[in-house]
Amino acid sequence: MTFFDVHINRVPYSGRLSYRQLDPIDTLNHPMLEVEENILEDLRVAPSRAEYLRHNQRMVNRIETPGSEDPYYVLQIADYDVDSITPFELKQNQPCLQGQRFSQTATARRWT
């Protein structure tokens, strides 16, 4: 999620939502803009350009849907200008509806 992305996330399909914050390796998030440009231009990303996947703040959301054997996952990755990924409700295994807001990001302006 970058400064240019939507900062309110919604549930794609109804189900039961649980989440887990993954510990970042670094204190500050790394920029993702070059990777996003490569996706738009080439629809591919070189692994050497995706170091931020391990370094930046991440949140993995697991949603179990009725009638499906397997849950689906929504992985959120913060860009360098995003300070935090925060769930709206701090409860695990909560029922959620399609289109319901489940998470937001907080951004602080950095002046250089």
Enumerated strands (runs of 3 or more DSSP E) restricted to the stretch 48-101, each holding at least 1 residues that are touching a helix residue (DSSP H, G or I) at 6+ places or on another chain (Cβ under 9 Å) and closer than 19 Å to LEU22 by Cβ: 72-77
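Quick one: is VAL74 of a type in the set (Val, Ile, Thr) and farther than 12 Å from PRO12 by Cα?
No; evaluated as a whole, the condition is false for this residue.
Every number here is computed from the coordinates shown, using simple stated rules; none is lab data. The model shown is predicted, which means the values in this text are computed figures rather than measured ones. Using ideal geometry, Cβ is built from the backbone for each residue, glycine included, and neighbour counts are taken over all protein chains shown.
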